[in-house]
Amino acid sequence: MAASDQIKWDRKYTENPRLLAQRDPSRDLALHLHLAPVKTALDIACGVGRNAIHLAKNGFEVEAVDISAVALQELTQHLEKITDLEQIHTELVDLDAYTPPRDRYGLIIMANYLDRRLIPALGKALVKNGILIIDTYLHDEANGKPATHPAFLLQPNELPSLFDERDYEVIHYREYWSEGVEPYRMRKGSITVRRR
C-alpha cells in the first residue's frame, strides 16, 4: 500500500471533520442507478460512504474501497447505527495498485477521485449493460481550491473521449459547478456510460 497516500488521506479526514459528515449522494448516481442490470455495485474511493449508503438503501450489494482507514472506520461506525444496511462491504486498498474483478458489477461509481489508468479496468469490471459513473473535478482557472496536480484534474470535455463508442454508450454527460456541500467552488465533470 502507498503508505504516504494513506497517511495523507487519513490526515485530511482527521484534520477536517467536515469531510467526515454524511452528505447527499452524487446527483447523477441518484438519477441513473435504476439503469443497472443487476444490483451489485463498486464504490471507488468511497470516503465515508455517501454513495455506497445510497446504493445499499436502494437494494444494492456494495463493495466500498478506499485508501483511508479513517474514512472506512467512520463509514463502519455509521453503518453500525443503521441496522437495516448490512450489504456494504468495506476494503482498505491502495488504489494505485488496485484492479477490480472482471464482469462482476451492475454499477460502478468513482466520485471526487481520478485515476485514468483505472478507468479501462472499471469498464471491464462491469457486466454487460452495466453502468459506470465518474463524477470528479475539472481544471478551470476559476476553481476555488489552490492549484492541484494536473493528473488529478480532468480537462473540459475529456471524460467522453475516454470511452470508445464501440464498447460504451454515453447515457449522460455534463460539466457543472460543485454544489454547496464541498468546501471549495470547483468545476466538475460527470459521465454515465453503459457497457455494450
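The values are calculated or read from the model by the stated rules, or taken from the named source; none is laboratory data. Since this is a predicted model, take the numbers as computed values, not measurements. With ideal geometry, Cβ positions are generated from the backbone for all residues, glycine too; neighbour counts draw on all protein chains shown.
Tabulated results
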{"read-out": "Options T99, T136, T90, T76: the member that is touching a helix residue (DSSP H, G or I) at 6+ places or on another chain (Cβ under 9 Å) and closer than 18 Å to A56 by Cα", "value": "T90"}
{"read-out": "Matching residues, region 138-165, being within 21 Å of I109 (Cα to Cα) and either assigned to a loop (DSSP other than H, G, I, E, B) or touching a residue at least 40 places away in the same chain (Cβ under 8 Å) (or both)", "value": "L138, H139, L153, L154, Q155, P156, N157, L162, F163, D164, E165"}
{"read-out": "Options L33, L75, L79, L92: the member that is free of Cβ contacts under 8 Å to residues at least 40 places away in the same chain and under 15 Å from the mean Cα position of the chain (by Cα)", "value": "L75"}
{"read-out": "Unmet criterion (only one of (1) closer than 24 Å to L126 by Cα; (2) surrounded by 16 or more Cβ atoms within 10 Å (Cβ to Cβ)) for G59", "value": "(2)"}
{"read-out": "Candidates D135, D115 - the one that is part of a loop (DSSP other than H, G, I, E, B) and buried (at least 16 other Cβ atoms within 10 Å of the Cβ)", "value": "D115"}
{"read-out": "T99 part of a loop (DSSP other than H, G, I, E, B) and of a type in the set (V, I, T)", "value": "yes"}
{"read-out": "Residue satisfying condition, being polar (S, T, N, Q) and not in a helix (DSSP H, G or I), within set T76, T90", "value": "T90"}
{"read-out": "Exclusive hit being modelled with pLDDT of 85 or more and farther than 22 Å from P183 by Cβ, set L95, L42", "value": "L42"}
{"read-out": "Residue in region 154-172 that is within 15 Å of the chain's Cα centre (by Cα), among the hydrophobic types (A, V, I, L, M, F, W, C), surrounded by 14 or more Cβ atoms within 10 Å (Cβ to Cβ) and modelled with pLDDT under 95 present", "value": "yes"}
